[in-house]
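Below you'll find the structure, written out as structure tokens, and then a few comments.
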Amino acid sequence: MESEMLTDDIRIAVIGNVDSGKSTLVGVLTKCVQDDGRGHARSLVFNYAHEQANGRTSSIAQEIMGFNDQGMQVIPDRITESKNKTWQPIVEKSKHLITFLDLCGHEKYLKTTIFGLVGLMPDYAMIVIGANMGITRMTKEHIGLAISLKVPIFFIITKIDIAPKNVFDSTLEMLQKIMRSPAAGSRMPMVATQENIVELSSLIESKCCPIFIVSNVTGEGIPVLKSFLNTLKTRVNSSGMFGPPEAPTEFLIDGVFMVTGVGLVVSGILRAGTTTVGQMLNLGPDSTGNFKPVQVKGIHHKRVPIDKATSGMSVSLNIKAIAKKDVLKKSSYKKGMVLIDKDLCPETVWEFEAEVVILHHATTIRQNYQPIIHCGVVRQAANVIEMSNELLRSGDKGTIKFRFAYRPEIMHTGMHILFREGRTKGLGEVRKIIPISNPHN
């Protein structure tokens, strides 16, 4: 199968407060069913038994929906079958694919949600709000994260079938007030209808944020939302996060699996370049900052085998070590690892400088503060070793020099970073890479 058939893939991060109906909405959209009000639709998308038991997402679930040439949704044959059986027919019949990244709503799993927004590079963020719950603190936090990361957003107000009219009106009014505020960038919240969805999809990357009003139980508003999703365009070329297909290969790894009879499989996003079956790449950096040569044995996109993947595609690669004495195991993988072109000799980074803004902090940030850094697929604790200001508080801007605590990482200037520690969150951009040897030697 040619990779060109599969490049029109739009990744949408689904975020919002716990119990707002995110997984249920994903189930209704992708499985073409209506919910029964007792969790039927969400049970079709959960990954784990404990999620089924308590009704809360604690991992990142991925589901797809496809549209054919006529703009009609490709209906899955059997909604209870495994993804291996249901995804391939959808991919083969579709010209326009939507991938939903169903993220966690509970504060306990905020680090997983942040990784989904930073590491999985979504094109858009779909923020789900329960009409009967109002705008909660976590909803505001998710809105702030998406705006700070410059991800275009649209809103879904769910549960309109059970929300009293005065509560629903209050929720909608509060949402519009928040989005018009200077803190949110003085945006234009617009309620979507069948007549204005084409206009909304063309304006979503500017100041417009569409609002859809739906019920997962009655199906009200779902056709309008599906029509809107079919009009969305990929942001691979406009987001500035991806390199051209002719650039040296750089593949960001976000998951790793051992498949019986196949070997090590890594999943992730091709940030730059093109990869083909049989290509030689370097896997790393390991804890010492070194790379290991590997060969690509197979490529899958949405569980369908392909021969070639290009920049911006989310794929899985089956890799094997070149050296016979090396056996790739799941334990070989560390968070933040990448696959890069064998001709590249990138310098691994212990220290870097970033221009930052503090989104929220209870007291002050000073030297020796140690947050967790999120930058692409990198997730590691780092120490603040220098600051342009003596102290930084909520809303302050400044330049900070960070030093990774445990191992070097691959980073580039211009990359977005997000750092957290408890409720503290800051956002920034890498301005300078500082080449030094291991600071722990």
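The residue pairs whose first member lies in the stretch 398-410 and is under 13 Å from V430 (Cα atoms), whose second member is polar (S, T, N, Q) and assigned to a strand (DSSP E or B), and whose beta carbons are closer than 6 Å, counting only pairs six or more residues apart or on different chains, are R403/N383. Applying a threshold of 8 Å to beta carbon distances and a minimum spacing of six or more residues, or different chains, the list of pairs starting in the stretch 279-296 at a residue that is touching a residue at least 24 places away in the same chain (Cβ under 8 Å) and closer than 17 Å to P248 by Cβ and ending at one that is part of a loop (DSSP other than H, G, I, E, B) and hydroxyl-bearing (S, T, Y) reads Q279/T249; L281/T249; G284/T348; P285/T348.
When P248 is tested against the conditions (1) in a strand (DSSP E or B); (2) under 21 Å from K342 (Cβ atoms), the lone failure is (1).
Within the stretch 151-201, the set of residues being within 30 Å of N237 (Cα to Cα), among the hydroxyl-bearing types (S, T, Y) and in contact (Cβ under 8 Å) with a residue 12 or more places away in the chain comprises S186, T193, S201.
Comparison of M121, M126, M179 shows that the only residue that is crowded, with 20+ Cβ neighbours inside 10 Å, on the phi > 0 side of the Ramachandran plot and aliphatic (A, V, I, L, M) is M121. Does I162 satisfy the criteria of being within 28 Å of G71 (Cβ to Cβ), outside any helix (DSSP H, G or I), out of contact with any Pro (no Cβ under 8 Å at 6 or more places or on another chain) and not hydroxyl-bearing (S, T, Y)? No; evaluated as a whole, the condition is false for this residue. Residues satisfying the criterion are present in the stretch 82-94 (criterion: under 20 Å from S227 (Cα atoms), modelled with pLDDT of 85 or more and either within 21 Å of the chain's Cα centre (by Cα) or not in a helix (DSSP H, G or I) (or both)). The residues on offer are K397, K401, and the sole one that is modelled with pLDDT of 95 or more, of a type outside the set (V, I, T) and either closer than 26 Å to M241 by Cα or not assigned by TED's automatic domain parsing to the domain that holds G284 (or both) is K401.
Listed by first and then second residue, the pairs with beta-carbon distance under 9 Å, at least 6 apart or on different chains, first residue in the stretch 7-30 and under 17 Å from S314 (Cα atoms) and part of a helix (DSSP H, G or I), second at pLDDT below 95 and of a type in the set (D, E), form an empty list. Scanning the stretch 299-356 for residues being free of Cβ contacts under 8 Å to residues at least 40 places away in the same chain and over 16 Å from V266 (Cβ atoms) gives a total of 4.
Can you tell me which residue is farthest from the chain's Cα centre (by Cα) among those in the stretch 373-385 that are in contact (Cβ under 8 Å) with a residue 24 or more places away in the chain and surrounded by fewer than 17 Cβ atoms within 10 Å (Cβ to Cβ)? Write out each step before concluding.
Narrowing the stretch 373-385 to residues in contact (Cβ under 8 Å) with a residue 24 or more places away in the chain: 373-382, 385.
Narrowing further to those that are surrounded by fewer than 17 Cβ atoms within 10 Å (Cβ to Cβ): 381, 385.
Numbers: A381: 20, I385: 30 Å.
Filtering first and then ranking leaves I385.
Residue count for the stretch 108-142, restricted to those that are within 15 Å of the chain's Cα centre (by Cα) and not in a strand (DSSP E or B): 16. Please indicate, with yes or no, whether at least one residue in the stretch 63-79 is outside any helix (DSSP H, G or I), among the acidic types (D, E) and closer than 14 Å to L29 by Cβ. Within the stretch 63-79, one or more residues are outside any helix (DSSP H, G or I), among the acidic types (D, E) and closer than 14 Å to L29 by Cβ.
The values are calculated or read from the model by the stated rules, or taken from the named source; none is laboratory data. Not measured: the values here are computed from a predicted model. When we count neighbours, we look across all protein chains shown, and the Cβ atoms used for this are built from the backbone with ideal geometry, even at glycine.
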